[in-house]
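Report on the following structure.
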Amino acid sequence: MELTGYVLKCVGGFYTVETKAGLFTCRARGRFRKEGMSPCAGDWVEIEALGNGTGTLAHVVPRKNHLVRPPLANLDVLVVVASVQEPAANTALIDKAVAVAELAGIRPAVVFTKADLSSAESLLQAYKLAGIDCCAVSAQTNQGIDAVRSLITGKVSAFIGNSGVGKSTLLNKVFPSLKLQTGEISQKLGRGRHTTRQVGLFKLDDGGYVADTPGFSTFDLERYQLTDKEQLVYGFRELEAYANDCQFASCSHTCEKGCAVLQAMNEGKIARSRFESYVAMYQEIKGVKQWEQKGKLV
């Protein structure tokens with residue numbers, strides 16, 4: 001019997017697939033490996049149902065988007081989570097994750113946790129200026145919980161961020177039925193202990209699915225493999241708007257005198273932190289050799 005299903009989880013070569021006939025544990029056909037195709041959570045697939053809730057994954061429906069790290073497909077929203085303190089927010093990492101989402105055609109959102117410890121307003125301002133959905137939350141006071149819920153209800157979303165920023169704690173607050181494992185901050189290392197070991201999608205009572213993911217250090221965001229410096233500006237929507245008006249056809253929008261992007265930044269129309277993230281990423285990509293440009297994430 002052939003069925004269409006939705007991949008919720010992939011562990012050790014086994015795929016948990018949700019179908020109208022129930023959940024099936026599937027193995028993928030060998031041709032996927034030959035074709036270099038790796039099914040992942042979020043994929044729509046066709047399976048051949050066998051006995052006792054098992055099956056064979058036969059075909060992956062073409063994706064609207066895909067991320068390699070974390071391995072997820074067909075996302076509507078990528079929620080980048082950072083904390084105002086313990087650990088302090090790293091805007092360079094946030095902006096790289098946002099750029100990955102933008103370039104993949106995924107709607108980005110930025111959430112700052114632990115807002116009861118310190119104000120997040122200065123951090124939020126950069127993303128408000130860019131027109132990116134953002135908010136500050138506190139698991140202690142419930143500040144911003146409804147705002148996060150409204151961002152992802154009825155959608156397929158993933159929460160990513162540094163270890164210790166409180167992704168699982170936040171998700172438990174937004175959707176208490178999830179009951180995700182949470183951890184404490186390591187005082188010695190200044191970061192959280194990993195409590196999320198694998199990527200899987202959870203079905204939400206209010207509609208949609210959500211993924212909690214391992215901390216950044218697990219999948220090395222520093223090497224997110226954005227390799228096309230000409231396309232990078234499209235990962236920064238507020239820069240793109242001014243880049244289209246730039247008088248220089250081959251402008252890098254990093255340092256050229258008379259560049260429309262630099263002028264907008266100097267006039268306060270673009271947050272300096274966002275511009276600096278773009279420049280740093282551009283320089284990083286510029287230094288990547290052609291033979292190193294393999295395995296793009298988007």
Discussion item. Please count how many residues of region 126-170 are over 18 Å from Glu86 (Cα atoms) and among the aliphatic types (A, V, I, L, M).
Written reply: 11
Worksheet item: Do any residues in region 153-166 that are in a loop (DSSP other than H, G, I, E, B) have Cβ atoms under 8 Å from those of residues that are polar (S, T, N, Q) and at pLDDT below 85, where the two are at least six apart or on different chains, and which pairs are they?
Response: Asn162/Ser217; Ser163/Ser217; Ser163/Thr218; Gly164/Ser186; Gly166/Thr182
Discussion item. I'd like to verify a number: residues in region 43-86 that are in contact with a His (Cβ under 9 Å, 6 or more places away or on another chain) and of a type in the set (Gly, Ala, Ser), how many?
Written reply: 1
Worksheet entry | region 13-40, residues that are in contact with a Phe, Trp or Tyr (Cβ under 8 Å, 6 or more places away or on another chain), small (Gly, Ala, Ser) and not in a loop (DSSP other than H, G, I, E, B) | Ala28
Worksheet item: touching a helix residue (DSSP H, G or I) at 6+ places or on another chain (Cβ under 9 Å), at pLDDT 85 or above and within 19 Å of Leu123 (Cα to Cα), is that true of Ala280?
Response: yes
Item to complete: State whether one or more residues within region 50-63 are of a type outside the set (S, T, N, Q) and under 30 Å from Asp95 (Cβ atoms).
Response: yes
Item to complete: Within region 257-276, identify whether any single residue is at pLDDT below 90 and either surrounded by 15 or more Cβ atoms within 10 Å (Cβ to Cβ) or more than 28 Å from Asn90 (Cβ to Cβ) (or both), and answer yes or no.
Response: yes
Worksheet entry | Residues located in region 253-276, provided they are under 21 Å from Lys96 (Cα atoms) and polar (S, T, N, Q) | Thr254, Ser273
Worksheet item: Across region 41-71, what is the total count of residues that are in contact with a Lys or Arg (Cβ under 9 Å, 6 or more places away or on another chain), part of a loop (DSSP other than H, G, I, E, B), under 15 Å from Val7 (Cβ atoms) and not small (Gly, Ala, Ser)?
Response: 1
Item to complete: Give the residue, chosen from Met1, Met37, that is over 30 Å from Ala115 (Cβ atoms), among the aliphatic types (A, V, I, L, M), modelled with pLDDT under 95 and open to solvent by 70 Å² or more (accessible area, probe 1.4 Å).
Response: Met1
Fill in: Members of region 149-182 found to be open to solvent by less than 50 Å² (accessible area, probe 1.4 Å) and of a type in the set (Gly, Ala, Ser), listed by number
Ser157, Ala158, Gly161, Ser163, Gly164, Gly166, Ser168
Worksheet item: Would a scan of region 191-214 turn up a residue that is acidic (Asp, Glu), over 15 Å from Val98 (Cα atoms), modelled with pLDDT of 85 or more and over 14 Å from the mean Cα position of the chain (by Cα)?
Response: no
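The values are calculated or read from the model by the stated rules, or taken from the named source; none is laboratory data. Because the structure is predicted, anything quoted here is derived from the model rather than measured. No Cβ is skipped: glycine too gets one built from the backbone with ideal geometry, and neighbour counts run over all protein chains shown. For the accessible areas, the whole protein counts, side chains as well, though only heavy atoms, and no ligand, DNA or RNA atoms are used. Shrake-Rupley method; radii C 1.70, N 1.55, O 1.52, S 1.80 Å.
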